[in-house]
Amino acid sequence: MPDDYFRRYSPADIFGNAHPLEIDLGCGDGKFLLEMAEHYPERNFIGVERLLGRVRGVCRQIEERKLSNAKVLRLESQYTLEWLLEPGSVSRLHLLCPDPWPKARHHKRRLVQEPFLTALHQALASDGEFLFKTDHPDYYEWVCEEMDQFNQNTTRYLPLDWPEPPSDHALFYPKTDFQLHWESQGKKIHRLRYRVNGKTAN
Ligand SMILES: C[S@@+](CC[C@H](N)C(=O)[O-])C[C@H]1O[C@@H](n2cnc3c(N)ncnc32)[C@H](O)[C@@H]1O
C-alpha cells in the first residue's frame, strides 16, 4: 500500500533500485506477473488489481516464491497511471485480456481511450512499450481506431511487430489465465504492441 495516494512514486521509491519497471494492469490472479518476475529478476513488476481477493492471492504467492522484484497494488488502473507513477518511469505496460465491455452502452467503460492513452504516454519511458492482448475482435478494432485517432496530429505511439510464436527467443511472454481460458474455447487472441514516440530520455 502506498504511504500517500497523493504523491508520485519512482521505481526507486517502490523497490529501492532503479531497475526497469513493468506494469501489469488488471493482473487478475497474477500468473503472468509471477512468471515474468521469476524470469526477469533484473526487472521490477507491479500488478494493478482492484479486487481484494485477487490482490491477497497474488501477494501470498509473491511471498511464497520470495520475489523481491514483484508487488501488487490494489488501485484503479487509470488513477495509477495518471497520478501515482512518476512520469517516464514505466518501461513496459501490459494490458492483457482486459474486460471488453461488449455492449454498446458500456463501451464508454473500456479502458483504452483518449484519457488512458494520454496517461500512458506520460507514464512511459522514452523507449517504453505498450502491449495489449484481447480475445475480443471488436475491442481489438476499437484499440486500433483509438490509436489512429490519438496519433492523428502527432505520432505518439509507433506500432511494433509482435509475431506469434515470437521470432525473438529473448521475448519470454507467458500466457495469462484468461488467454489460456479463451484459447481452450477455440478463440483467437489478438495482440498489439507499440513503442512510445516523441519523448526524450530523462
Ligand atoms: C478479464 S480479467 C483479466 C485478468 C488477467 N489480465 C488475465 O488475462 O488473466 C480483468 C482484470 O482486471 C481487473 N480490473 C478491471 N478493471 C480494473 C480497473 N479499472 N482497475 C484495476 N483493475 C481492474 C479485474 O478485477 C480483473 O481481475
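Restricting attention to region 1-22, which residues are hydroxyl-bearing (S, T, Y) and open to solvent by 30 Å² or more (accessible area, probe 1.4 Å)? Spell out how you get there, then give the answer.
Restricting attention to region 1-22, the residues satisfying the condition of being hydroxyl-bearing (S, T, Y) are 5, 9-10.
Hit for region 1-22 is Y5, nothing else.
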Selection over region 32-48 where residues are surrounded by 22 or more Cβ atoms within 10 Å (Cβ to Cβ), farther than 20 Å from P2 by Cβ and touching a Ser or Thr at 6+ places or on another chain (Cβ under 9 Å) yields a count of 1
*asked:* Just checking, does region 162-181 include any residue being modelled with pLDDT of 95 or more, within 16 Å of the ligand (Cβ to nearest atom), open to solvent by 60 Å² or more (accessible area, probe 1.4 Å) and farther than 25 Å from F116 by Cα?
replied: yes
Picking from E64, E42, the residue that is touching a His at 6+ places or on another chain (Cβ under 8 Å) and away from the ligand (no atom under 16 Å from the Cβ) would be E42
Next on the checklist: Among the residues in region 107-127, are any of a type outside the set (D, E), within 16 Å of the ligand (Cβ to nearest atom) and part of a strand (DSSP E or B)?
Outcome noted: no
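Could you list all residues from region 82-93 that are touching a strand residue (DSSP E or B) at 6+ places or on another chain (Cβ under 8 Å) and within 22 Å of G198 (Cβ to Cβ)?
Filtering region 82-93 for residues touching a strand residue (DSSP E or B) at 6+ places or on another chain (Cβ under 8 Å) gives 84-86, 88-93.
Matches in region 82-93: L85, E86, G88, S89, V90, S91, R92, L93.
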Counted residues in region 74-91 being open to solvent by less than 20 Å² (accessible area, probe 1.4 Å) and within 15 Å of the ligand (Cβ to nearest atom) come to 4
Flagged pairs (Cβ under 8 angstrom, 6 or more apart or on separate chains; first in region 49-69, under 11 Å from L34 (Cα atoms) and open to solvent by less than 100 Å² (accessible area, probe 1.4 Å); second assigned to a helix (DSSP H, G or I) and within 11 Å of the ligand (Cβ to nearest atom)) are V58/L33
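For region 32-54, what are the residues that are within 17 Å of F178 (Cβ to Cβ), part of a helix (DSSP H, G or I) and of a type in the set (A, V, I, L, M, F, W, C)?
Of the residues in region 32-54, the ones within 17 Å of F178 (Cβ to Cβ) are 32-36, 47-51, 53-54.
Filter once more, keeping what is part of a helix (DSSP H, G or I): 32-36, 53-54.
Hits for region 32-54 are F32, L33, L34, M36.
The values are calculated or read from the model by the stated rules, or taken from the named source; none is laboratory data. As the structure is a prediction and not an experimental result, all values here were calculated from the model. Reconstructed Cβ throughout: ideal geometry from the backbone, glycine too, with neighbour counts over all protein chains shown. Accessible surface areas use protein heavy atoms only, side chains included; no ligands, DNA or RNA. Shrake-Rupley method; radii C 1.70, N 1.55, O 1.52, S 1.80 Å.
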